[in-house]
Amino acid sequence: VELNMEIIHLFRENLSIQRPFVLQSELGSIGTGTDLIIEICRDAGANSFLNFPAAAGHLNLGLMKKAGIDFIPARYRPPVYPQLHGDFIYNLSALDMLMNCGPVSRELISDAGK
């Protein structure tokens, strides 16, 4: 967990992500599945949940709607960016993009969600 947290903070710093970062354990949210998502949203003061469209198949969207939580499908197309060797390989880690593109990575990621 500590290594993952350091990596997350590295990405936040290098991609200039300013949004607050809160751990589930800090919120005190408990539950499983859709109930857990609803609790996290409530505890965080959110009325919407952004995730990839495929996640909708694993959630009870009716239960979320009843709880006042809107599911928002994320629009994201992985960007093509210059890689150091060979043909472009899709869907590598953001670390690959960061190492190949540096500070431009934030803009590439932002544009991919439009």
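The values are calculated or read from the model by the stated rules, or taken from the named source; none is laboratory data. What you are looking at is a predicted structure, and each value in this text was computed from that prediction instead of being measured. Here the Cβ is made from the backbone with ideal geometry for all residues, glycine too, and neighbour counts use every protein chain on show. What goes into the accessible areas is simple: the full protein's heavy atoms, side chains included, and nothing from ligands, DNA or RNA. Shrake-Rupley method; radii C 1.70, N 1.55, O 1.52, S 1.80 Å.
Within the stretch 1-59, the residues that satisfy the criterion of being under 16 Å from the mean Cα position of the chain (by Cα), aliphatic (A, V, I, L, M) and part of a helix (DSSP H, G or I) are 5, 7, 8, 10, 37, 40, 44, 54, 55, 56. Among the β-branched types (Val, Ile, Thr), assigned to a loop (DSSP other than H, G, I, E, B) and open to solvent by less than 50 Å² (accessible area, probe 1.4 Å) - does that describe any residue in the stretch 78-88? No, the stretch 78-88 contains no residue that is among the β-branched types (Val, Ile, Thr), assigned to a loop (DSSP other than H, G, I, E, B) and open to solvent by less than 50 Å² (accessible area, probe 1.4 Å).
Considering every residue within the stretch 95-109, establish whether at least one is closer than 30 Å to residue 30 by Cα and among the basic types (Lys, Arg). Give the steps one after another, and end with the answer.
Pass one, the stretch 95-109, residues closer than 30 Å to residue 30 by Cα: none.
For the stretch 95-109, residues closer than 30 Å to residue 30 by Cα and among the basic types (Lys, Arg): absent.
Candidates in the stretch 18-33 are the residues that are of a type in the set (A, V, I, L, M) and in contact (Cβ under 8 Å) with a residue 12 or more places away in the chain; of these, the one that is least open to solvent (accessible area, probe 1.4 Å) is 27. Of everything in the stretch 63-77 that's assigned to a helix (DSSP H, G or I) and of a type outside the set (Lys, Arg), which residue is most open to solvent (accessible area, probe 1.4 Å)? Looking at the filtered set, the residue picked out is 63. Residues considered: 100, 60. Of these, the only one that is without any contact (Cβ under 8 Å) to a residue 60 or more places away in the chain, surrounded by 11 or more Cβ atoms within 10 Å (Cβ to Cβ) and touching a helix residue (DSSP H, G or I) at 6+ places or on another chain (Cβ under 6 Å) is 60.
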